[in-house]
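The values are calculated or read from the model by the stated rules, or taken from the named source; none is laboratory data. Values in this document were obtained by computation on a predicted structure and should not be read as measured data. Don't worry about glycine lacking a Cβ; one is built from the backbone with ideal geometry, like all the others, and counts go over all protein chains shown. Each accessible area value is taken on the protein alone, full model and side chains, heavy atoms only, with ligands, DNA and RNA left out. Shrake-Rupley method; radii C 1.70, N 1.55, O 1.52, S 1.80 Å.
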Amino acid sequence: QAQLVESGGGLVQAGGSLRLSCAASGRTFSSSTMGWFRQAPGKEREFVASISGSGYTAVKASLKGRFTISRDNAKNTMYLQMNSLKPEDTAVYYCAAKSGTYEYDYWGQGTQVTVSS
């Protein structure tokens with residue numbers, strides 16, 4: 001059974017940094033597109049960033065320059081480096097992976113990120 005587990009969330013002051021990790025187990029996702037999503041209270045879940053198996057990355061336009069996505073296939077782990085955090089970045093952050101081309105089939109349980117002003 002494939003599983004994704006996020007870690008690295010927490011409470012940070014505005015302007016601070018956090019690095020989220022998403023560790024995969026049960027199967028390898030080295031050739032799969034993986035991504036980060038977030039959901040703030042009272043809002044819909046939104047796309048944050050994605051990275052293909054070949055390393056091509058995409059980041060939500062408004063987050064470019066502050067958020068960086070990466071992966072270590074040897075560790076079956078994906079990362080999200082978040083810098084210059086703002087209170088509006090407060091949300092539950094989820095990692096996800098695609099088994100095919102279109103849909104994200106696998107989801108983690110989420111990790112809370114809270115940015116205080």
*Excluding ligands, DNA and RNA, what is the solvent-accessible area per residue of the stretch 1-66 at a probe of 1.4 Å, expressed in Å²?*
55 Å²
*Sorted by mean Cβ packing within 10 Å, highest first, what order do the peptides 77-84, 110-117 take?*
77-84, 110-117
*Charge dipole magnitude, Cβ of K and R +1, D and E -1 - the chain, Cα centre, debye nearest 20*: 200 debye
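For the chain, which whole percent of the accessible surface, found with a 1.4 angstrom probe, sits on carbon and sulfur atoms? Show your work: numbers first, answer last.
Numbers: 2820 of 6140 Å².
Carbon and sulfur: 46 percent of the exposed surface of the chain.
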*With contacts defined as alpha carbon pairs under 8 Å and 6 or more residues apart, what's the relative contact order of the chain in percent?*
35 percent
*asked:* Under 20 Å between alpha carbons, and skipping anything fewer than 8 positions from LYS86 in its own chain: which lysines qualify?
replied: LYS43, LYS60, LYS64
*Cα-based Rg / Dmax (Å) for the stretch 60-117*: 13.1, 40
*asked:* Considering only C-alpha atoms, what is the centroid distance from the stretch 43-86 to the stretch 1-33, in Å?
replied: 10 Å
